[in-house]
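First up is the structure itself, then whatever we jot down about it.
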Amino acid sequence: MPRLASVVPTQGFSVAVEWAEGPRAGRRDTVDLAPDILTYRFYRPLRDNPHFFSTLHLVDDGAAIAWGDDESIDMPATAVERLAEQTMVAADFNRFLGRNHLTFDAAAAQLGISRRLVAYYAAGQPIPRHIALACERLDQVLAASVPSLSPTARTAQIPPSVGLSSLFAPRRQWPQSSPALWEFHPGQRILTGDEQATRQKMPRATRTGPSGVYLQ
């Protein structure tokens, strides 16, 4: 079970925490509690009175956090841990890219965002929660797709045209025109955009798909 060593309120509904026990033991994280605080009626006093949030402190030997002298409003460390896992910083994002052998262009295609945003996130710009969740889901999809393939080949299983929102849909909802498996290897790269224009610029293309071309 996770247990917190310290907790300090920062900006908005974010807190700086240090973990004493559990999978994140020894780590320091900045965790945004807003997804829970803005969702559940139980936390309405925190929404109505921003100053009340500053009364945050540990209870139950770090097994939970609470607000107010009477500790009538609390949140278990397990909930804080769940929200921490949905938070991504630049180091996490770069590990995600490396783990899945994704270039900036490939990551942009898979997540449905621009290459510039991918570069910004890798350089340290704040990463939105929906991007962090999409990366987590993409990790799961790639890991479960074809375990026997190398990580590089697994990244080609999701068509570049799928985009971020479709990562959360069953695979049968992917575009029917997309090939079941596009294999590529180190040294190859993916180009997205208009297929015909790409063919004109890159006549040596050997594999084509609905929105991408793999080159030798």
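Could you grab me the full set of residues in region 36-64 that are part of a helix (DSSP H, G or I), aliphatic (A, V, I, L, M) and either surrounded by fewer than 14 Cβ atoms within 10 Å (Cβ to Cβ) or in contact with a Lys or Arg (Cβ under 7 Å, 6 or more places away or on another chain) (or both)? Within region 36-64, just 37 meets the criteria. If you filter region 109-125 down to residues that are crowded, with 16+ Cβ neighbours inside 10 Å and of a type in the set (A, V, I, L, M), you find that the one that is nearest to the chain's Cα centre (by Cα) is 111. Residues in region 31-73 that are in contact with a Gly (Cβ under 9 Å, 6 or more places away or on another chain) and over 17 Å from residue 10 (Cβ atoms): 45 alone.
Residues in region 88-108 that are under 15 Å from the mean Cα position of the chain (by Cα) and under 15 Å from residue 139 (Cα atoms): 13 in all. Filter region 59-94 for residues that are of a type in the set (Val, Ile, Thr) and free of Cβ contacts under 8 Å to residues at least 60 places away in the same chain and give the result. Selection gives 59, 73, 87, 89.
Hey, among the residues in region 65-80 that are surrounded by fewer than 21 Cβ atoms within 10 Å (Cβ to Cβ) and modelled with pLDDT of 90 or more, which one's nearest to residue 41 (Cα to Cα)?
Start the filter on region 65-80 by keeping residues that are surrounded by fewer than 21 Cβ atoms within 10 Å (Cβ to Cβ), which leaves 66, 68-74, 76, 78-79.
This time we only want the ones that are modelled with pLDDT of 90 or more, so: 66, 68, 73-74, 76, 78-79.
Numbers: 66: 16, 68: 17, 73: 11, 74: 13, 76: 16, 78: 19, 79: 16 Å.
Ranking the candidates gives 73 first.
Among residues that are out of contact with any Phe, Trp or Tyr (no Cβ under 7 Å at 6 or more places or on another chain), in the same structural domain as residue 19 (by TED's automatic domain parsing) and modelled with pLDDT under 95, residue 136 is not included.
Scanning region 17-31 for residues that are surrounded by 12 or more Cβ atoms within 10 Å (Cβ to Cβ), in contact with a helix residue (DSSP H, G or I) (Cβ under 8 Å, 6 or more places away or on another chain) and in a loop (DSSP other than H, G, I, E, B) turns up 22, 24.
The values are calculated or read from the model by the stated rules, or taken from the named source; none is laboratory data. Only a predicted model underlies this, so the values are computations on that prediction, with no experimental measurement involved. With ideal geometry, Cβ positions are generated from the backbone for all residues, glycine too; neighbour counts draw on all protein chains shown.
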